[in-house]
Each structure stands twice: as C-alpha cells, then as structure tokens.
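Comments concern the structure below.
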Amino acid sequence: MLLKYLMVSCTAVVLGLGVAPPSEAAGKTTAAQSSSKKKIAKAAHSKRIKQASIKKSSRKSVAMAPRIPNEPDFDALGLPNVKSASVLVQDQISGEVLFERNSDAVVPIASITKLMTAMVALDARPALDEVLVVSEEDIDQLKGTRSRLAVGTRLTREEMLHLALMSSENRASSALSRHYPGGQRAFIAAMNQKAIELGLADTRFFDSTGLDPHNVSSARDLAKMVAASSTYPLIREFSTTRDGSFAVKGKTLHFNNTNALVSSSDWEIALQKTGFTNEAGKCLVMQAWLNQKPVVIVLLDSWGRLTRIGDANRIRRWVEHLALQGAGAG
C-alpha cells in the first residue's frame, strides 16, 4: 500500500495531474438515474478531496523516498545500491570521483540540455527584461509534447529562462534560442562551441530543448557541465526555485519545479536539472552540499518513476556514511 501511495503521489507532482470533475450527460434522467448520479458525484467529490490531500503532501513524500523493504542502501561491496544506468558522483572541489558506473557511455540527455541552453543564452549578455513571444515555431513537432505556454504568450527573457530551468518548459527554451543573435541555427552552433570550450568530448547538441534524441553526452561530461553552469547565479537560482506564478495571456498560471528534492529539508541543492524522453529515460543532475562540500551527482537512464529520486537519496546516505566512517577512524 505504501508503494502504491508513493506512486500516486509522484504522479501528482511530476505530471501535475488533477482529477477532472465527472461530465454530465445531456437530456432528461429518471429519478433513479438522478439518485445514482448524485452518489457518483459525491464519490467523485470525495475522491478529489483525497487526491488534493495527496497532492499537498506529495512533495515531501517523494522527496523523502522511504526505503523499499529488502532494498538496502548499499550493495555487498558497500557501494550505493543505485539503479540508474549511468552514474557519477564527484567531489567538485578536489575533482575526486567518489563513485561511477558507465560514466563514459554516450547517451541521450533529454532536458539536461537546458543547462547548456541557459549558459549560451546568458553568455550573449542579453536584456533580461526584453519581452519574447511564443510562436508557432516553438511548438514541438518532433514528439508532440504539450505546453502551458500558448502561442502568443509574452514573457520576458528572464521569465522564459526561469520556466525553462524550473519547470523544463520546452517552448520557453525554444523561444530563448529563436531570439538569439542569428536565430536558432546560430544558437545551436554556440551550444556546441561552448561544449568544446568546456572540454565535453562526448557531447553534441541539435536543439535547445532536449527533445531531439541526438542531443547526447556522458555522465563524465555532464559533471563538467554542471560545474560550469553552477558559476551562473541565475541558473543556480532558477533551477532550484520550488514554484512560481507567471502571467500567461491574461491569466496567472502556477508552475512547480520538476525535481521534488528541492523541497526536501534533507537536501541543500545549489543547482539541479531533470530530464525525460523515451530514449533518455529519467535523468537527474545536481550540485548539492553534502558534508559541507559541493558534490556533483549525475544519474542517467533511471528505469522507474521514483528511481532517480531513490538513487539520489541512497547516494546522499552513502556519502554521509563514508563521512561517519572517516570520523570514526580519526
């Protein structure tokens, strides 16, 4: 039952689903039908209340990610028992790799791409208060993903950047690249040039959103990209904002962070980005403070809805365990 509850909670947060009210059939109904509908409506209302309660507590539930019975934090060798296909944990100050698995595998990276998008957009030193307009060109024709930013939405460049990093808004990322000097083609070229400058040998970009599966990198490269993007104050701030409200075509819309861990008291996250496509799986990169040190965590191709969250928590507990062992030995 606990696992079922967590899956419901996670779905409510990550996908932002609500429970739609039951539709009413047109035409006349009999007294019996009317009574039956009232009962159904009452049950649905009760269910909505329950779902709303779950949604309110879901961030804490997901972020805590309780340990699954018979699933230890560490394996037989004392290493973190993580399930992501590619993993890298690195002390950012010393550069020491604390743990890695398949860290050289070159794989699709989905919306982790948006960290590079943000760096390139900011490198041009644009006017952050300039108003950008979402156009037909920003609609996802590759995978058909939806967006709450309708065509014609007018937001400042700063707001577009905020939504791209916090809520992984694809149309915001596309708009940022379109409004770059020289347009999208010049923007993609600048992304790849930036990758070369950062020494990212395994990294290639073909779009600014990450929807293109040809956007690839390795866990080792992404650790460098996280370290580089952490030097941008706005990227740190916007990627770790829990939520925010934005004026979209005359309405105030509320957006949440795609990473529930930013709401967890167990974590001190300086920068983060999530990603997901069918090709890339669930991905997560972070710069987090563990034992008073900045640690870069890269998790690629996690197989389950909660796996990247669970893996991150297992890594945190493993790093803390190492610190306790070191203190005991001293």
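Annotation: extensible slack from residue 129 through residue 242 equals 38.5 nm (criterion: 0.36 nm per residue apart, minus Cα-Cα distance).
For the cross-link pairs 114/143; 143/224; 251/282, the ones whose C-alpha atoms lie over 22 Å apart are 143/224; 251/282.
Here the ratio of the Cα radius of gyration of segment 250-330 to 2.2 N^0.38 Å is 1.30. Heavy-atom accessible area with a 1.4 Å probe sorts 179, 254, 162, 214, largest first, into 214, 254, 179, 162. Rg then Dmax, both in Å and based on the Cα atoms of segment 86-138: 17.1, 46. Accessible area per residue for segment 155-212 is 37 Å², calculated with a 1.4 Å probe on protein heavy atoms, without ligands, DNA or RNA. Working value for segment 180-316: equivalent-ellipsoid semi-axes of 24, 21, 16 Å, each the square root of 5 times a Cα gyration tensor eigenvalue, largest first. The residues 242, 220, sorted by heavy-atom accessible surface at 1.4 Å with ligands and nucleic acids left out, run 242, 220 from largest to smallest.
The values are calculated or read from the model by the stated rules, or taken from the named source; none is laboratory data. This is a predicted model, so every value here is computed, not measured. SASA here: full protein model, heavy atoms, side chains in, ligands and nucleic acids out. Shrake-Rupley method; radii C 1.70, N 1.55, O 1.52, S 1.80 Å.
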